[in-house]
Amino acid sequence: MTFDFETPINRHGTDSQKWQKYAGRDVLPMWVADMDFVSPPAILEALHRRVDHGVFGYARPTDSTVTAVVQGLAQRYGWAIDPAWLVWLPGLVVGLNVTAQAFAAPGDEVLSLSPVYPPFMTAPKNSGRVSVTVPWAGRTSRWEIDWEQLEAAVTPRTKLFFLCNPHNPLARVWRRDELLRLADFCARHNLVLCSDEIHCDLILDPQLPHVPTASLGADIAARTITLMAPSKTYNVPGLGTSFAVIPDSALRAQFVRATAGIVAEVTTLGFTACEAAYSHCEPWRQALLATLRGNRDFLLEFLAREMPAIRVDAPIEATYLAWLNVSALGLPDPVAHFEQHGVGLSDGAFFGAPRGSHLRLNFGCPRSVLAEALRRMKQGLRG
Ligand SMILES: Cc1ncc(COP(=O)(O)O)c(C=O)c1O
C-alpha cells in the first residue's frame, strides 16, 4: 500500500495552533512539533467507526487498547511491561508537571540537559520547584554529556532527572552505554528518572535502536517514570492521548496521587486512535520514516549548498526537528528576520540556547513545502 506524504494539506482556518499563529499572513509555519500529514488510514477508519457508534460517555481503555500498547512495546523494543504499570494521561507535558510535583518538594531541584524541550524547564517552575540545566558539550560528530558538570550540578536538593530520549531539539539517539551511565548517575544520587520517550518511534537511522531507559534492568526500572504517546509519530497530538509506564508500585501510587482531581481523563476518540496506531499502522510508520529521511537529507544538502552559514552541528538521528546553528548570521532576532521573509521557526532561546544562536525547523511536511520554506530563507539571506 502506498501512502500520500506529498500532497499539501490546507490547514488554514482549522483549529491548528501551528497554522493559526500566522493566520492572514504569508508565513509557512515550521515551528510547533506536529506534522502537515494526514494520519494513517487505519486510524481514520477506526475513528470513523467509533464516531458512527454515536455514544461518547466517560472512557476507560478496553483490554484490546492496553494489549496494543503492551505488544507494541514488546515487538519494537523487546520491553515487556505489565499492563498494571500503565497510567493514562491526556498529554506528556501533563506527565512532566505531575512528575515534578510528585517527586520533588517546593524548592527541590530538577536536573536536565540544555538545550531541551522547554517544558522540561517550565514544569518544575510551574509548581515552585527549581529547574537546573547542564549544557550539552558540543563535539564535531555528536553532542555529548558533560559528565563533570552534571556531577557538579547535584546538590542535596536534587531529586529528579528529566531525560529526553530521543532528544528534542538535538535529534540525538541515546546509546545503551550512555543510558547505563545515566542510570548509574541517578542511582548514586538517589534521583527519580523521568524518561520522555515521545519521539522513540521516529528514529531515522535504521542502524540505531531505541532503548527504553527502564528496559535496562530492574534497578533502573524501579526509579523510572517513562512517558510515551502515539501523538508525534501518528500525528494525533490534538487527540490528547499519552501514558506513563511506572513499574514500581510505590512510585506509581505517588504519581497517581498527584494527578487526583486535576488531570483530565483520556477521551474515547483518543483511546480509539491509540489502539489503531499500535495495532495497524506499522507500514504507514515505515513509509513516514522514509519520507522524513528524504526530507532530512534534502534539508542538509540544501543548507550545505545554498546557505552554508546555517549549520547543523551533529547528525539528525531522530525526530522531524532540525536544530539550526544560525550564530554566523549575526542576526539580533533570527525568528523575526525569517518571519519577515515568510518562514515561521522556533526560537532556540526557548530551549535554553543563547539568544540569536539557534532555530528549530520542523521538516514534517510535504517536500514541496519544505523546499519553498528553504527558498524563502535563502531569499532572506540575500540583501
Ligand atoms: C520531548 C517532548 N515531550 C512532550 C511533548 C508534548 O507532549 P504533549 O503534546 O503530549 O503534551 C513534545 C512535543 O513536541 C516533545 O517534543
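Values in this text are rule-based calculations from the coordinates and carry no lab data. All figures in this text were calculated on a predicted structure; none of them were measured in a lab. So basically every Cβ, Gly included, is an ideal-geometry build from the backbone, and we count neighbours across all protein chains shown.
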- Item | Distance (nanometres) between label positions extended 7 Å along Cα→Cβ at R367 and L208 | 2.3
- How many angstrom separate the Cα center of the range 335-365 from the Cα center of the range 256-292? 28
- Among the lysines, which fall within straight-line cross-link reach of K232, defined as a Cα-Cα distance under 18 Å, with same-chain neighbours fewer than 8 residues apart omitted? K18
- Query: Could you give the distance between the Cα centres of the range 296-322 and the range 187-254, to the whole Å?
  - Reply: 27
- Query: When ranked by the protection proxy of mean other Cβ atoms within 10 Å per residue, highest first, what sequence do the peptides 368-374, 234-240 form?
  - Reply: 234-240, 368-374
- Item | FRET efficiency, E148 to R376 (Cβ-Cβ, R0 35 Å, nearest 0.05) | 0.25
- What the 10 Å binned alpha carbon P(r) of the range 12-84 shows, as percent of pairs per bin from 0, is 14, 26, 31, 23, 6
- Message: If you average the alpha carbon positions of the range 89-105 and of the range 120-138, how far apart do those two centres end up, in angstrom?
- Response: 13
- Message: Among S16, P308, A221, whose Cα projects farthest towards the positive end of the dipole of the chain, with charges put on the beta-carbon of Lys, Arg (+1) and Asp, Glu (-1)?
- Response: P308
- Pairwise FRET efficiency - I9 versus Q286, Cβ, R0 = 22 Å, nearest 0.05: 0.60
- Query: For the range 25-125, which trypsin sites (Lys or Arg not before Pro) are in a loop by DSSP, counting at most 12 other Cβ atoms within 10 Å?
  - Reply: R25
- Message: Below 8 Å, C-alpha to C-alpha, sequence gap of six or more: please give me the relative contact order for the range 45-280 in percent.
- Response: 27
- Task: List, largest first, the extents of the alpha carbons of the range 45-280 along their principal axes, each in whole Å.
- Result: 57, 42, 30
